[in-house]
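Trainee: Below: one structure in structure tokens.
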Amino acid sequence: MMKKKSSKFLALALCLTMLVLAVPVIGFAGGDPITITDGTVTDNADNTLKTVTVTYSTTDEVGDEVTILATFEGFDVQIGEGGVLENVAYISQEEKSDTITFVIDKAAFVAAGEKLYVKMGGIGVSTPAEYVIGSGTEPEVTLGDVNGDGAVNATDAGLVLQYFVGTITEFSSPNGLAAADINNDGVINATDAGLILQYFVGTITEF
């Protein structure tokens, strides 16, 4: 058992070395062994996080596992004091498929200009695949307008309450989660619904 764990650890270490330091392992003739075809960053039920989905393809030469590294502010890993990887959003070794989904810190993503730099490789891959997710801008979010109809009213407050009690699990607007967290505490609850109602009736004029 210990031998099996050690082998897996060594394989992961080799993949990480290749990704972080760009050290060639084994080259292939012909096309790229790994190609990242798409990447998206979307809202998460936890408003402090973002969900990332990476779609990719591989050739037959790639083994059963791939390594993925996602960083903020460029592909190069920034190493701080004590060897801390300062700009790494996500790093993992995964079984080979066609998609990888993971979560990243929302605040760090926004602070980095809303861009994520993804690098993928594996044993036998001489040049990691690279892909940039995000245009650097996000659609404007209007606090309180959880259904995206351009108005902040009692309907929005009702939707927030339904989400809070579990009657619904998502909003129709892609920015619904961000629009619902009125006090920006990372939790969508009755307090947010109450603030929307106060705004609607004029008790408060801004959030």
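Trainee: ³J(HN,Hα) across the range 194-207 via Karplus (A = 6.51, B = -1.76, C = 1.60, θ = phi - 60°), whole Hz, x for Gly/Pro?
Mentor: 3J(HN,Hα) across the range 194-207, in whole Hz: x, 5, 5, 5, 4, 5, 5, 8, x, 5, 10, 10, 7, 9.
Trainee: Could you go through the range 84-92 in sequence order and give the Karplus-derived ³J(HN,Hα) for each residue, using 6.51 cos²θ - 1.76 cosθ + 1.60 with θ = phi - 60°, rounded to whole Hz, and x for Gly and Pro?
Mentor: These are the phi-based 3J(HN,Hα) values: 6, 7, 6, 10, 7, 8, 6, 8, 6 Hz.
Trainee: Let's see if you can work this out: charge +1 on each Lys and Arg Cβ, -1 on each Asp and Glu Cβ, no other charges. What is the dipole magnitude of the range 108-207 about its Cα centre, in debye to the nearest 20?
Mentor: With Lys and Arg at +1 and Asp and Glu at -1, about 340 debye.
Trainee: Expressed in nm to one decimal, what extension gain is obtained for the pair V103 and T169 from 0.36 nm per residue of sequence separation less their Cα-Cα distance?
Mentor: Contour length minus the Cα-Cα distance gives 21.9 nm.
Trainee: Work out from phi, with θ = phi - 60° and the Karplus expression 6.51 cos²θ - 1.76 cosθ + 1.60, the ³J(HN,Hα) of each residue of the range 164-173, listed in order in whole Hz, and give x for Gly and Pro.
Mentor: Residue by residue, the range 164-173 yields 4, 8, x, 5, 10, 10, 7, 10, 5, 7 Hz.
Trainee: Would you mind checking which residues have amide H under 5 Å from E65's amide H? H placed 1.01 Å from N; only 5 or more apart, or other chain.
Mentor: Here K96 satisfy the definition.
Trainee: Here's another thing I want to ask about it. If I stretch the segment between T42 and T203 completely, what's the gain in nm (0.36 nm per residue apart, minus their alpha carbon distance), one decimal?
Mentor: Once the chain is fully extended between T42 and T203, it gains 54.7 nm.
Trainee: Quick one: which residues, 5+ away or cross-chain, put their amide H under 5 Å from the amide H of A89? H built at 1.01 Å from N.
Mentor: A70, T71, F72
Trainee: Using amide H atoms built in the peptide plane, which far-off residues or other-chain residues are under 5 Å from I168 H to H?
Mentor: Counting only residues 5 or more places away or on other chains, the set is Y163.
Trainee: Can you sort V125, V110, V152 by how many other beta carbons sit within 10 Å, fewest first?
Mentor: Sorted ascending by nearby Cβ count, the order is V110, V152, V125.
Trainee: How high is the relative contact order of the range 115-207, in percent, with contacts defined as C-alpha pairs under 8 Å that are six or more residues apart?
Mentor: With pairs under 8 Å counted, the relative contact order is 25 percent.
None of the figures in this text is laboratory data; all of them are computed from the coordinates on show. This structure is a prediction, so every number in the text was calculated from the model and none was measured. As a convention, Cβ positions derive from the backbone with ideal geometry for all residues, glycine included, and neighbour counts pool all protein chains shown.
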